[in-house]
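The values are calculated or read from the model by the stated rules, or taken from the named source; none is laboratory data. Bear in mind the structure is a predicted one, so any value in this text is a computation, not a measurement. Please note: Cβ atoms are built from the backbone with ideal geometry, for glycine as well, and neighbour counts cover all protein chains shown.
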Amino acid sequence: MTNFNKAIVLVSGGLDSTTTLAIAKDLGFDCYALSFNYGQRHISELNAAKKVAESFNVIDYKVINLDMGQIGGSALTDSTIAVPEIHAEGIPVTYVPARNTIFLSYALAWAEVIDANDIFIGVNAVDYSGYPDCRPEYIKAYEQLATLATKAGVEGASFKIHTPLIELSKADIIKKGTSLNVDYALTVSCYQADADGKACGVCDSCRFRKEGFAEANIADPTCYK
């Protein structure tokens, strides 16, 4: 592998996507970072994503503006639905309908434009909240779709959706990122962080993050309210 390999990396500003970007860089990819302003509850995660992208000196960084709030159906895009502070069984209300499918579609489009065959996404099927679009079978199906649905695929190219975190615990993700010198103080994972990026400390995302740092025996740099 050489540094001439291009990859689109989805960067949300959170812990997982930042670790994924670090892994892609460590593998020798020239990284093109992609974030989304999709109508989420707070802008602080996008502020974090910009800082993360800059800290890794990505080749290019884009923010796509969407308005998934018009569709609603999620506590992350509809302010009338409260973010749960007690973990519940089943798919939680923080699931954003079809979000990863939409995000991967934009990543796929940009990959075609820059002649890239690799896309990185920080989905996780271990310490996750039950989202259906974080499962290995979903990723495998999307790779098949990518080949069928693109000019590049018809002409013989194949696309690889890299999910380096999919089978890792949160603690293992943090250990991996720490070994790659990730500055987790730059990241914002909270579902309802304030304008300054301070985390609530009680949502599912905060809980997984707290537990991960504790299990990894690494100091948690998160700024909580």
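The table that follows gives values for the structure above.
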item	result
Among the residues listed as ALA33, ALA49, the single one being in a helix (DSSP H, G or I), among the hydrophobic types (A, V, I, L, M, F, W, C) and closer than 21 Å to GLY197 by Cβ	ALA49
The listed residue being within 17 Å of the chain's Cα centre (by Cα), of a type in the set (Lys, Arg) and surrounded by 20 or more Cβ atoms within 10 Å (Cβ to Cβ), out of LYS170, LYS176	LYS170
Selection from the stretch 81-134 of residues that are among the aromatic types (Phe, Trp, Tyr), surrounded by 19 or more Cβ atoms within 10 Å (Cβ to Cβ) and closer than 24 Å to ASP172 by Cα	TYR95, PHE120
Test for TYR191: is it more than 23 Å from TYR32 (Cβ to Cβ), in contact (Cβ under 8 Å) with a residue 60 or more places away in the chain, of a type in the set (Ser, Thr, Tyr) and in contact with a helix residue (DSSP H, G or I) (Cβ under 7 Å, 6 or more places away or on another chain)	yes
Some residue of the stretch 173-184 being among the hydrophobic types (A, V, I, L, M, F, W, C) and free of Cβ contacts under 8 Å to residues at least 60 places away in the same chain	no
Residue that is modelled with the highest pLDDT [pool: residues in the stretch 1-22 that are surrounded by fewer than 23 Cβ atoms within 10 Å (Cβ to Cβ) and farther than 9 Å from GLY122 by Cβ]	LYS6
Selection within the stretch 23-49 - over 16 Å from GLY122 (Cα atoms), in contact with a strand residue (DSSP E or B) (Cβ under 7 Å, 6 or more places away or on another chain) and of a type in the set (D, E, K, R)	ASP30
Residue within the stretch 136-152 that is assigned to a loop (DSSP other than H, G, I, E, B) and modelled with pLDDT under 95 present	no
